[in-house]
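Q: Got a structure here, written out as structure tokens. Questions coming.
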Amino acid sequence: MTPPGTTGTTGAGAVPGGSVVLVGGGPGAADLLTLRAWRALASADVVVTDRLGPVDVLADLPPDVEVVDVGKRPGHHPVPQHEIDAILVEHALRGRRVVRLKGGDPFVYGRGGEEVLACRAAGVPVEVVPGVSSALSVPALAGIPLTHRGTVGAFLVVNGHDPLDAVALAAVRDRTATLVILMGVSMLNEITDQAVTAGADVATPVAVVESGSTRHQRVTRATLGTLARRAADVGVRAPAVVVVGDVAAEGLLTPAGATRPAARPAPAPEPAR
Ligand SMILES: C[S@@+](CC[C@H](N)C(=O)[O-])C[C@H]1O[C@@H](n2cnc3c(N)ncnc32)[C@H](O)[C@@H]1O
């Protein structure tokens, strides 16, 4: 595999002997991997990978690179974190260059900190290659700016597993920050109920962006009042980023007075042969 702009030889940052590099792979599209990430992959002996992120690049690794899949997927038991830590350390102690490929950024809900600690505790050199986090990139890919002059000047990233805390609820209620929720698809009812009960306007715009950067990317717009119903109607599925706040309004980046481009007509069917 030859990363763009390199010769495909050993990465400049390679350390002698075994090592672990936590590589943030971005939201999924291979061209959202950084050059440093490509270099780390090009010099790997072992790639320990998740389900999310740029998994397509794995098919292009040289055949002698071992790929260990520790990702969660339906019908596939996730590998517990302590076992992932042990896999990284074991391979590195055998003198191998290990890439731990993760979706987004390793330190944004990625358990990267635990993996760094495990390596350091075992005396294994470890480095982190930051990635393009879905928290920022997936809204951007859907044309949603997290801050927008004159609309909102801050954003807050939270996880949807836990109930929204007082800071997040105040941000939504007072419209002082855009709320970006990861891992929130199964909790959409609870999230909207909580926000409305805390005093947020039911008309607050919400966007759900599924599978950002992939060919399955889809954007669903709603409000706090309509989100749960709308998401059920269209069958919203993980992975998705939920954006709550005025920047999620559909017409935000439509110039005043501009009309929406007409939908392109469907291509004519091919003539029968
Ligand atoms: C365990 S967190 C990992 C986040 C990751 N470290 C990052 O920085 O993007 C997984 C969550 O990230 C979000 N996510 C990751 N990739 C995504 C994508 N391509 N499209 C939409 N959401 C995504 C979803 O909310 C998903 O449930």
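Q: May I ask you to list pairs of residues, at least six apart or on different chains, whose Cβ atoms are under 6 Å apart, with the first in the range 229-242 being more than 21 Å from L136 (Cα to Cα) and the second being aliphatic (A, V, I, L, M) and away from the ligand (no atom under 11 Å from the Cβ)?
A: R230/A222; A231/L188
Q: Is it fair to say D60 is more than 13 Å from the ligand (Cβ to nearest atom), closer than 21 Å to R215 by Cβ and among the acidic types (D, E)?
A: Taking the combined requirement at face value, the residue satisfies it.
Q: Still on this structure, please answer the following. Tell me which of these V132 doesn't satisfy, since it passes every other one: (1) in contact (Cβ under 8 Å) with a residue 12 or more places away in the chain; (2) away from the ligand (no atom under 12 Å from the Cβ); (3) not in a helix (DSSP H, G or I).
A: All conditions are met except number (2).
Q: How many residues does the range 19-43 contain that are within 14 Å of the ligand (Cβ to nearest atom), over 17 Å from G71 (Cα atoms) and not in a helix (DSSP H, G or I)?
A: Final tally of qualifying residues: 3.
Q: Moving on. Out of V138, V116, I need the residue that is over 20 Å from L252 (Cα atoms) and either exposed (fewer than 15 other Cβ atoms within 10 Å of the Cβ) or out of contact with any Lys or Arg (no Cβ under 9 Å at 6 or more places or on another chain) (or both). Which one?
A: Of V138, V116, the one residue that is over 20 Å from L252 (Cα atoms) and either exposed (fewer than 15 other Cβ atoms within 10 Å of the Cβ) or out of contact with any Lys or Arg (no Cβ under 9 Å at 6 or more places or on another chain) (or both) is V116.
Q: Looking only at residues in the range 153-169 that are of a type in the set (A, V, I, L, M, F, W, C) and more than 16 Å from T192 (Cβ to Cβ), which one is surrounded by the fewest Cβ atoms within 10 Å (Cβ to Cβ)?
A: A166
Q: Of all residues in the range 37-74, how many are more than 24 Å from L182 (Cα to Cα), under 19 Å from the mean Cα position of the chain (by Cα) and surrounded by fewer than 19 Cβ atoms within 10 Å (Cβ to Cβ)?
A: Count: 1.
Q: Looking at L93, L88, which one is of a type outside the set (K, R), surrounded by fewer than 18 Cβ atoms within 10 Å (Cβ to Cβ) and more than 12 Å from the ligand (Cβ to nearest atom)?
A: That would be L93, the only listed residue that is of a type outside the set (K, R), surrounded by fewer than 18 Cβ atoms within 10 Å (Cβ to Cβ) and more than 12 Å from the ligand (Cβ to nearest atom).
Q: A further question on this structure: Could you look through the range 96-113, keep only residues that are more than 14 Å from the ligand (Cβ to nearest atom) and in a strand (DSSP E or B), and pick out the one that is surrounded by the fewest Cβ atoms within 10 Å (Cβ to Cβ)?
A: So, considering only residues that are more than 14 Å from the ligand (Cβ to nearest atom) and in a strand (DSSP E or B), the one surrounded by the fewest Cβ atoms within 10 Å (Cβ to Cβ) is R97.
Q: Do we have any residue at all in the range 117-139 that's among the acidic types (D, E) and closer than 30 Å to V65 by Cβ?
A: yes
Here, each number is a calculation from the coordinates, and none is a lab measurement. All values reported here derive from a predicted model rather than from experimental measurement. Heads up, the Cβs are rebuilt from the backbone with ideal geometry, glycines too, and the neighbour counts pull from every protein chain shown.
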